[in-house]
Amino acid sequence: MPSPTNVKQIELTRTGVLPETIQAAFLENLNFSLGRTLELASLYQRYQALALSVRDRLMQRWVKQLEAQNHPDVQHVAYLSAEFLMGPHLGNNLLNLDITENTRIAMAYLGIDLMDIEGREEEPGLGNGGLGRLAACYLDSLATLGYPATGYGIRYEFGIFEQFIRDGWQEEVTDKWLHLGNIWELPRPEHAQSVKLGGRTESYQDEAGRYLVRWLPERMVVGIPYDTPVLGYRVENCALLRLWSAEAAQSFDFAGFNRGDYYGAVQEKIASETISKVLYPNDEQLSGKQLRLEQQYFFVACSIKDMIRVSLRRGSPIERFHEMNRIQLNDTHPAIAVVELMRQLVDKHGVEWSVAWDITRKTMSYTNHTLLPEALEKWPYDLFNSLLPRHMELILEINGRFLDEAKANGVNDSVQLSKMSIIDETGERYVKMANLAVIGSHAVNGVAALHSSLVKTQLFPEFFALYPERFFNVTNGVTPRRFMALSNPKLSQLIDSVIGPGWLSDLNRLQGLERYANDKEFQQRWRDIKRENKGVLSSFIEAKTGVLVNPDSLFDVQVKRIHEYKRQHLNVLHIIALYLRIKSDPNLVMTPRTFIFGGKAAPGYAMAKLIIKLINSVASVVNHDPEIRNLIKVVFLPDYNVKNAQNIYPAADLSEQISTAGKEASGTGNMKLSMNGALTIGTLDGANIEIRERVGDDHFFLFGSTTEEVVQKKASGYRPKDYFERDRELRDVIESINSGLFSEGDTHLFHPLTEHLLEQDDYMVIADFRSYVDIQAEVDKVYQTPAIWIEKSILNVARMGYFSSDRAVRQYADDIWGIKPMLL
């Protein structure tokens, strides 16, 4: 038996937070877990050893959380999402444990720079953009606020692709984020779940004469859970991220191998593991659609069965499932959960239909993230029926009962009933997942005030008329821990020095900065930090792209997914307009400006890829033209992700939020940039409206058509050529693109883009061009007076408290889930 002194020493090595204890833990993990001495260890092995040391301190808190939650009356939130874009873990965990400085000292004792170790961490690319990053922010806030919660998703072997730029074009390279393993996760094979696919159903009667249905599948897949604790900020509470990896029920056909069928012996393994192979496979072909549906059902089925397992283990009867569990559907990807929970209750646990439906509806709530028709998933009926035959039967029953209910409540118009039906029968039959989510949930919410209004009036007006009490707004929020404290430590320290450190867990305290907005000394310190951050980003840009930029120029930033409705091409048209102005007037005086773009285009989205090519082609011309006198530089930063974003947000002066009004559900990049002191140029779209209301009209550069004006213009026969013909500068810009000026004389390369703008222009780029260019001139004018710009920057940060993900999670908890925190 070890002596009490030795036990205490082991405890300290595992859990202590002093520099010498962290150093001892690091060396112990390096020696005994990785089999390396300090001298022989690579930088990645040093990262692994430090991550293991930090993970020990997480696990101490996670075990406490498990113990506290193991009670039948503890209410639990399950956040079901196809994406979790967590970002690197090490720095965030050090921050939340409050051991960043002690760890830096511990590593310095050994001659190691903590920043070098942090830089070696692979980013889990388990998301495409805002949807996955929002899920990560909410896990952070759920843990910080003490709500017992699990984020359920897929452990994609290959995440969102790595983006390279070759000759100005996007190239996609496989993101092998797991090739060196993932030190933060713990496999839990003992909690594996089996998932059925395909086959047929058969009905039968039990001994009591009840009608029952059994599903006889064509094949089975096994889901293996991998757990990552998500620590709250300087609290004992953890949330859990549980991601499912697909494996074959029988991975090797020994008999087939002995017959010489070597490929067939492992075929089931290959087919099964494909399900969790890659994030968002291309679904243009039927095989891609099937794989996406398999992915969605796979992780939902595993998660529902896991929740039931945990509830029963805690002693909570199945009839109380809805009292103890809340399921938040993050968009339509997990909407099949409505039917899967019904299947489990009715087929597996013998719950009577009406009781099961009441449990299901009270458990589920649905967040809608988009008004774009292509993003509202619907599946071909035959595909759905062949893959999930029992679910198809249940959907038909749910739909029939719902339509009867709608008729009983006065909905008799056949067109309205057709719009509300889960089954689309206007042509080829489809299963409409958004309708299923609305019908099967007790709450439906949009993610910004405007978006939630449009959800009620444009997207689901028939459902809103029938169930007005089910519709809510929860404006998105982001965590200030990662996107201020971790991304911008010097600004965070400055804020601490004047209002105290408590603001990271109560972002409304930022209001205390307002009294310093006109303080000249404080303004100078604020400006110096921004300049230092711009210097860091300038070095990063040079290392990544080879482009030298002026850190004293205005950093004009548009970083987000590349999509026509986000209108990166409107930004480019303005850049070309400036370029042509400088070319025609060598004595033109303007604020030097660096335009920074970042974002990925979906692999099958040709127009978005052409926009990336245009950005890079314009950059190639502008950046190498001596007549421009370095007044403008254009940079496209490849492989935009959470890790790279943490360099960009603190350095931004101007935040481009220029989507077509009525198209962006909320946006979260607008919040992150504003929290770091960038001023926003934007339309009245998504959360821009609420940001402008809070920071003040005078501190927001507004332009463009409103949602109502967009609708009116389209209804009255919008002709983009009318604007083109009236605006000489716009004509010059478009004609310069068509002339081959930015394509080495190739007059055809960008023709699909300019032709679409002039003939169709779905997203009102041409209509908003003049308004955008004019407000950009106002930006230029304000930036020339640093004191005014810095005052606006300070006020932007001071008034961003509402946009914390803590506020959003509290709203969900109070208004939708009806649960209370459980602080340890």
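The values are calculated or read from the model by the stated rules, or taken from the named source; none is laboratory data. Computed from a predicted structure; not experimentally measured. Virtual Cβ from ideal backbone geometry, glycine too; neighbours counted across all protein chains shown. What goes into the accessible areas is simple: the full protein's heavy atoms, side chains included, and nothing from ligands, DNA or RNA. Shrake-Rupley method; radii C 1.70, N 1.55, O 1.52, S 1.80 Å.
Working only within the range 556-589, note down all residues that are assigned to a loop (DSSP other than H, G, I, E, B) and touching a Gly at 6+ places or on another chain (Cβ under 8 Å). First the steps, then the outcome.
Within the range 556-589, the first condition is being assigned to a loop (DSSP other than H, G, I, E, B), and the residues that meet it are 560-563, 567, 585-589.
K560, R561, I562 - these are the residues of the range 556-589 that are assigned to a loop (DSSP other than H, G, I, E, B) and touching a Gly at 6+ places or on another chain (Cβ under 8 Å).
The single condition among (1) of a type outside the set (S, T, Y); (2) out of contact with any Pro (no Cβ under 8 Å at 6 or more places or on another chain); (3) more than 20 Å from K566 (Cβ to Cβ) that E627 does not satisfy is (2). Please go through the range 736-769 and give me each residue that is surrounded by fewer than 16 Cβ atoms within 10 Å (Cβ to Cβ) and under 32 Å from the mean Cα position of the chain (by Cα), ordered by number. Selection gives P752, Q760, D762. Elements of the type helices (runs of 4 or more DSSP H) sitting completely within the range 417-478 and holding at least 1 residues that are under 24 Å from the mean Cα position of the chain (by Cα) and of a type in the set (A, V, I, L, M, F, W, C): these cover 433-439, 449-454. When restricted to residues that are touching an Asp or Glu at 6+ places or on another chain (Cβ under 9 Å), without any contact (Cβ under 8 Å) to a residue 40 or more places away in the chain and either closer than 18 Å to H391 by Cα or surrounded by fewer than 15 Cβ atoms within 10 Å (Cβ to Cβ) (or both), the range 416-430 contains 1. Any residue at all in the range 93-107 that's surrounded by fewer than 22 Cβ atoms within 10 Å (Cβ to Cβ) and within 26 Å of G159 (Cα to Cα)? Yes, the range 93-107 contains at least one residue that is surrounded by fewer than 22 Cβ atoms within 10 Å (Cβ to Cβ) and within 26 Å of G159 (Cα to Cα). Selection of the range 35-90 for residues being open to solvent by 40 Å² or more (accessible area, probe 1.4 Å) and on the phi > 0 side of the Ramachandran plot yields only G35. Filtered by the rule that a residue be among the small types (G, A, S) and either buried (at least 20 other Cβ atoms within 10 Å of the Cβ) or at pLDDT 95 or above (or both), the range 351-379 gives S354, A356, S365.
Can you go through R525, R481 and tell me which one is out of contact with any Ser or Thr (no Cβ under 6 Å at 6 or more places or on another chain), part of a helix (DSSP H, G or I) and open to solvent by 20 Å² or more (accessible area, probe 1.4 Å)? Spell out how you get there, then give the answer.
Values: R481 fails: open to solvent by 20 Å² or more (accessible area, probe 1.4 Å).
Being out of contact with any Ser or Thr (no Cβ under 6 Å at 6 or more places or on another chain), part of a helix (DSSP H, G or I) and open to solvent by 20 Å² or more (accessible area, probe 1.4 Å) holds for just one of R525, R481, which is R525.
The residue pairs whose first member lies in the range 521-533 and is without any contact (Cβ under 8 Å) to a residue 24 or more places away in the chain, whose second member is surrounded by fewer than 18 Cβ atoms within 10 Å (Cβ to Cβ) and part of a helix (DSSP H, G or I), and whose beta carbons are closer than 7 Å, counting only pairs six or more residues apart or on different chains, do not exist in this structure. Listed by position, the strands (runs of 3 or more DSSP E) inside the range 211-260 whose residues that are modelled with pLDDT of 95 or more, buried (at least 16 other Cβ atoms within 10 Å of the Cβ) and under 20 Å from the mean Cα position of the chain (by Cα) number at least 1 are 219-231, 238-248.
To keep it simple, each residue is scored yes or no on (1) aliphatic (A, V, I, L, M); (2) free of Cβ contacts under 8 Å to residues at least 60 places away in the same chain; (3) open to solvent by 10 Å² or more (accessible area, probe 1.4 Å); (4) closer than 25 Å to M671 by Cβ.
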position: V547; (1), (2), (3), (4): yes, no, yes, no
position: D552; (1), (2), (3), (4): no, yes, yes, no
position: D556; (1), (2), (3), (4): no, no, no, yes
position: R567; (1), (2), (3), (4): no, no, no, yes
position: V572; (1), (2), (3), (4): yes, yes, no, yes
position: I576; (1), (2), (3), (4): yes, no, no, no
position: D585; (1), (2), (3), (4): no, yes, yes, no
position: K600; (1), (2), (3), (4): no, no, yes, yes
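Pull up the range 262-288, narrow it to residues that are over 30 Å from N128 (Cα atoms) and open to solvent by 70 Å² or more (accessible area, probe 1.4 Å), then point me to the one that is modelled with the lowest pLDDT. Among those that are over 30 Å from N128 (Cα atoms) and open to solvent by 70 Å² or more (accessible area, probe 1.4 Å), it is Y262. Among the residues of the range 593-610, write down those that are part of a loop (DSSP other than H, G, I, E, B) and farther than 21 Å from K544 by Cβ. Across the range 593-610, the qualifying residues are A602, P603, G604, Y605. Of the residues making up the range 703-723, those that are surrounded by 15 or more Cβ atoms within 10 Å (Cβ to Cβ), assigned to a helix (DSSP H, G or I) and touching an Asp or Glu at 6+ places or on another chain (Cβ under 8 Å) are T707, P720. Of everything in the range 505-522 that's assigned to a helix (DSSP H, G or I) and touching an Asp or Glu at 6+ places or on another chain (Cβ under 9 Å), which residue is farthest from F803 (Cα to Cα)? Per the criteria, the residue is S505. Per the conditions (1) open to solvent by less than 60 Å² (accessible area, probe 1.4 Å); (2) under 25 Å from V221 (Cα atoms); (3) assigned to a strand (DSSP E or B), the sole criterion not satisfied by Q170 is (2). When residues in the range 208-218 are screened for being farther than 16 Å from E352 by Cα and without any contact (Cβ under 8 Å) to a residue 40 or more places away in the chain, 3 of them pass. Number of residues in the range 312-337 that are open to solvent by less than 10 Å² (accessible area, probe 1.4 Å) and assigned to a helix (DSSP H, G or I): the value is 2. A count restricted to the range 553-591 and to residues that are among the β-branched types (V, I, T), under 33 Å from the mean Cα position of the chain (by Cα) and under 30 Å from E532 (Cβ atoms) stands at 5.
For the range 27-40, which residues satisfy the criterion of being over 13 Å from I183 (Cβ atoms) and not in a loop (DSSP other than H, G, I, E, B)? Break it down stepwise before answering.
At the first step, the residues of the range 27-40 found to be over 13 Å from I183 (Cβ atoms) are 27-28, 31-32, 35-40.
Hits for the range 27-40 are L27, E28, N31, F32.
Evaluate the following for G512: is it modelled with pLDDT of 95 or more and either of a type in the set (A, V, I, L, M) or under 24 Å from V695 (Cβ atoms) (or both)? Criteria met by G512.
Can you name the residue in the range 617-632 that is buried (at least 23 other Cβ atoms within 10 Å of the Cβ) and of a type outside the set (V, I, T) and is also nearest to L588 (Cα to Cα) among such residues? Full working, then the answer.
Looking only at the range 617-632, we keep the residues that are buried (at least 23 other Cβ atoms within 10 Å of the Cβ), and these are 617-619, 632.
Filter once more, so that each one left must be of a type outside the set (V, I, T): 617, 619.
Values: S617: 24, A619: 20 Å.
This residue is A619.
Yes or no: the range 109-119 includes at least one residue that is of a type outside the set (A, V, I, L, M), part of a loop (DSSP other than H, G, I, E, B) and under 30 Å from K544 (Cα atoms). Yes, that holds for at least one residue.
Evaluation of N31 against the conditions (1) modelled with pLDDT under 95; (2) polar (S, T, N, Q); (3) open to solvent by 20 Å² or more (accessible area, probe 1.4 Å) shows that the sole unmet condition is (1). So is I658 buried (at least 22 other Cβ atoms within 10 Å of the Cβ), touching a helix residue (DSSP H, G or I) at 6+ places or on another chain (Cβ under 7 Å), at pLDDT 95 or above and farther than 16 Å from I766 by Cα or not? Considered against the rule, which asks whether it is buried (at least 22 other Cβ atoms within 10 Å of the Cβ), touching a helix residue (DSSP H, G or I) at 6+ places or on another chain (Cβ under 7 Å), at pLDDT 95 or above and farther than 16 Å from I766 by Cα, I658 comes out as no.
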